[in-house]
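Visitor: Supplied in structure tokens, the structure appears directly below.
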Amino acid sequence: MVQQSSRCSTMSDDKLQNEKGRKNHVITIDHAYHGHTLATLDVSPYKHRQGKEMENCPDYVTRVPCPDIYRGVHSVKKIVHQSAPGVDLKGGMEQQYRKREIEAAEKYASYVELECEKITSQGNSVSAFLMEGGMSVAGVILPPKSYLRRCVSAVRKVGGLYIADEVQTGFGRLGKCMWAFQYSEDNDGALDYETIIPDIVTVGKPFGNGMPLAAVITTPCIAYTFESLGVEYFNTFAGSPVCTAAGLSMLHVLSSEHLQVNAFDVGNHLVELFRELEHRNEWIGDIRGSGLFLGVELVRDRTTLEPATEETSFLCSVLKDRYKILTSIDGPHENVIVVKPPMVFTRKDAELFVSSFEKALVEDLPVVAGQLRGLGRTPT
């Protein structure tokens, strides 16, 4: 137990760096964010791109492309939108989409597979593959089906560990699963293979529902290896009775009030409402995510995918100032409205939110059209 998520990820990094006697390499995802300690900044390409102090990953960190199937190097939804903007995926089109999604997953996973081969061929070792189950800062990116399984398989074949960062998306937020690392399994739930189990899981933010509580969850073998180094780990406020009581209460409410089920139901309702809005408004380029972890990407053109960066910033401010609704902005182009409401969010709340979102698009945005170029990012 620790009191903040960055400390969780730092401990995970310490464990993997010390597990073997030689220098190890960590594979991380482009645009990922894992914390603000020095160790976690090393494996957070988002910070390297955003700031000036760290322009590149350190030598021991290997960065692979983010598995973005909307505007990434292996796009899927881009093709669908070009052929039929705003159309629902049904029948043959849905089958075509699923086929392309699997192909994209294979291509994105191949970067991890190739890096594993490259690192080991040079006499080095892969210590770990580190990934957020749901990449919020990257623009609400959930990995395509089979991607994670392929990556983890490649890393484990060369003796590496799989670290799942569940700080933002754990504890049922995705609705269909308790943990985000379970998301890219068979969407129908008909598994004919064992579920992926990470070697290390980090949890934070929602664990204490606002109280400073986080945790590193791992296997007895890895915990013993860390302990055997002889350097006793302690944290002054770790395991505080007050914080642990908050954590137990959160787990009780999560279960007794069926909040994961609520996230699934309300999240699906939100997506349906946004799909309807997408038909009426071409500013919406993509709607993605799961449960109460959703992203709405805004574009100026659905064919070129030109990001509506300034417009997104304006909408975020208007939603707060006029409609009293808090959202946030993420994505490499800062054009994704992130929807991460409290787990008690209701269908009525969802309807009010999307109604307000449409008013902001239809009534407020046209008033300032042509005046937004150069508008600074709304801090969120």
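Visitor: Looking at (1) touching a strand residue (DSSP E or B) at 6+ places or on another chain (Cβ under 7 Å); (2) surrounded by 21 or more Cβ atoms within 10 Å (Cβ to Cβ); (3) at pLDDT below 95, which is the one condition that is false for Asn235?
Guide: (2) is the only condition that Asn235 fails.
Visitor: Mind counting the residues in the range 238-250 that are open to solvent by 40 Å² or more (accessible area, probe 1.4 Å) and either part of a loop (DSSP other than H, G, I, E, B) or without any contact (Cβ under 8 Å) to a residue 12 or more places away in the chain (or both)?
Guide: 3
Visitor: Look at Glu257 and say whether it is among the charged types (D, E, K, R), modelled with pLDDT under 90 and either open to solvent by 30 Å² or more (accessible area, probe 1.4 Å) or closer than 20 Å to Ala360 by Cβ (or both).
Guide: Taking the combined requirement at face value, the residue does not satisfy it.
Visitor: Does the range 184-192 include one or more residues that are under 13 Å from the mean Cα position of the chain (by Cα) and more than 20 Å from Asn268 (Cα to Cα)?
Guide: No, the range 184-192 has no match at all.
Visitor: Ok, one more. Kindly check whether there is at least one residue in the range 29-38 that is at pLDDT below 70 and either within 30 Å of Phe237 (Cβ to Cβ) or under 19 Å from the mean Cα position of the chain (by Cα) (or both).
Guide: No, the conditions are met nowhere in the range 29-38.
Visitor: Let me ask something additional. Can you tell me how many residues in the range 305-321 are in contact with a strand residue (DSSP E or B) (Cβ under 7 Å, 6 or more places away or on another chain) and among the charged types (D, E, K, R)?
Guide: Residues meeting the conditions: 2.
Visitor: Quick one: in the range 51-71, which of the residues that are modelled with pLDDT of 75 or more and basic (Lys, Arg) is farthest from Glu115 (Cα to Cα)?
Guide: Looking at residues that are modelled with pLDDT of 75 or more and basic (Lys, Arg), I get Arg71.
Visitor: Next up: Would a scan of the range 147-156 turn up a residue that is assigned to a loop (DSSP other than H, G, I, E, B), modelled with pLDDT of 95 or more and within 24 Å of Tyr46 (Cα to Cα)?
Guide: no
Visitor: Then there is this: Applying the selection to the range 196-221, what residues are assigned to a loop (DSSP other than H, G, I, E, B), open to solvent by 40 Å² or more (accessible area, probe 1.4 Å) and of a type in the set (A, V, I, L, M)?
Guide: Hits for the range 196-221 are Ile197, Met211.
The values are calculated or read from the model by the stated rules, or taken from the named source; none is laboratory data. This structure is a prediction, so every number in the text was calculated from the model and none was measured. We place every Cβ from the backbone using ideal geometry, glycine too, and count neighbours over all the protein chains shown. With ligands, DNA and RNA removed, areas are computed over all heavy atoms of the protein, side chains included. Shrake-Rupley method; radii C 1.70, N 1.55, O 1.52, S 1.80 Å.
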